[in-house]
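Novice: First the structure, which I've put down as structure tokens, then a few questions once you've had a look.
The values are calculated or read from the model by the stated rules, or taken from the named source; none is laboratory data. Source: prediction; values computed, not measured. Neighbour counts are summed over all protein chains in view; Cβ atoms, including those assigned to glycine, are modelled from backbone coordinates with ideal geometry. Calculation scope for accessible area: heavy atoms of the full protein, side chains included, ligands and nucleic acids excluded. Shrake-Rupley method; radii C 1.70, N 1.55, O 1.52, S 1.80 Å.
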Amino acid sequence: MSAATAVDLPRGPERFRTLWRLWRNERAEPEPFYRLLAAYAVDDLDAHHGPLAGQTIADLGCGPGYYTDAFRGRGAQVIPIDNSTDELELGGAPPEGYVLGDAGNLPLDDGSIDGVFCSNMLEHTPSAEPIVAEIERVLKPGGWAYVSWTNWYSPWGGHLMAPYHYLGPTLGPRLYEKRHGKPEKHAYGETLWACHIGATLRLVRSHPHLEITDVVPRYWPWAKPIMKVPGLRELVAWNCVIRVRRV
Ligand SMILES: C[S@@+](CC[C@H](N)C(=O)[O-])C[C@H]1O[C@@H](n2cnc3c(N)ncnc32)[C@H](O)[C@@H]1O
């Protein structure tokens, strides 16, 4: 599937139905799901912070580069960064110009980046703290960041261990592994950690140069008011988006 353009993206209930259908087949055929998500993301970011053409964007935890490709399709200069060669090569050749590095210790100058895109990476790194600090450091004043991740108490928070993760990050993975062995991908404490919405919002707010401009459930943005309700949001957001501006 090629990168969809803004014109042919499904909208409204059809958007939800299409994403759900592609997600259910994601393990067998990841590319259509991720290319469509990437098309939505760049469309949305172009509307919020565009034009993206000419902007320098760091794609943190870029994986095989579906988002990098979509940003480049809009004319942005993208720096794709990931700390795993395996993940960079999941789709074949790694994204052009990739940087093998840690998003918590970026090889980028202070105030050099217009936008930071960080999708589904926070839950795969032991602590969000160094990542958020680096976002604050590398963004230009007025720059934007889009940080999105599957929060722990979402139905998919435990990934292949779901629904055991509802027993908590200690007991859940322990019980799962006792009964089923290690999950095929994303064993807890190896490439998966519990990342909560409330704690991450507090972390971002503790950075004086970062301003949260919006908090949205990624796959059902129309349900945004739930993000104001501690507890409930951890259970029903599924995937949390924090939009940030560097002040
Ligand atoms: C689930 S994939 C997400 C890929 C892509 N961003 C997306 O949304 O589809 C998580 C990626 O984050 C990378 N990652 C995890 N911790 C990282 C870190 N500290 N620095 C850079 N990349 C990291 C992993 O190697 C993996 O490619």
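Novice: Return the residue satisfying two criteria in turn: it lies in the stretch 89-103 and is closer than 20 Å to E134 by Cα and in contact with a Leu (Cβ under 8 Å, 6 or more places away or on another chain), and of such residues it is nearest to the ligand (Cβ to nearest atom).
Specialist: Result: A103.
Novice: Just to check your reading of the model, which residue among L52, L88 is closer than 23 Å to G142 by Cα and aliphatic (A, V, I, L, M)?
Specialist: Residue meeting the stated conditions: L52.
Novice: Being touching a Pro at 6+ places or on another chain (Cβ under 7 Å) and of a type outside the set (K, R) is true for just one of V99, V132. Which residue is that?
Specialist: V99
Novice: Going residue by residue through the stretch 214-231, is there one that turns out to be in contact with a Phe, Trp or Tyr (Cβ under 9 Å, 6 or more places away or on another chain), surrounded by fewer than 14 Cβ atoms within 10 Å (Cβ to Cβ) and under 23 Å from E136 (Cα atoms)?
Specialist: no
Novice: Let me ask something else. Which number in (1) within 14 Å of the ligand (Cβ to nearest atom); (2) surrounded by 20 or more Cβ atoms within 10 Å (Cβ to Cβ); (3) touching a residue at least 60 places away in the same chain (Cβ under 8 Å) marks the one condition that Q55 misses?
Specialist: (1)
Novice: Among the numbered criteria (1) touching a residue at least 40 places away in the same chain (Cβ under 8 Å); (2) in a loop (DSSP other than H, G, I, E, B), which single criterion is violated by A93?
Specialist: (1)
Novice: Restricting attention to helices (runs of 4 or more DSSP H) lying wholly within the stretch 114-212, give those where 2 or more residues are basic (K, R) and open to solvent by 20 Å² or more (accessible area, probe 1.4 Å).
Specialist: Passing ranges, in order: 171-180, 197-205.
Novice: Checking the conditions here, which among P10, P30 is in contact with a Ser or Thr (Cβ under 7 Å, 6 or more places away or on another chain), over 30 Å from S112 (Cα atoms) and surrounded by 14 or more Cβ atoms within 10 Å (Cβ to Cβ)?
Specialist: P10
Novice: Condition test on L175, is it of a type in the set (A, V, I, L, M) and touching a helix residue (DSSP H, G or I) at 6+ places or on another chain (Cβ under 7 Å)?
Specialist: Answer is yes for this residue.
Novice: Any residue in the stretch 70-86 that's closer than 16 Å to N120 by Cβ: show its pairings with residues that are open to solvent by less than 30 Å² (accessible area, probe 1.4 Å) and more than 11 Å from the ligand (Cβ to nearest atom) at Cβ separation under 7 Å, as long as the two are six or more apart or on different chains.
Specialist: A70/A39; A70/V42; F71/V42; F71/L52; F71/I57; F71/V78
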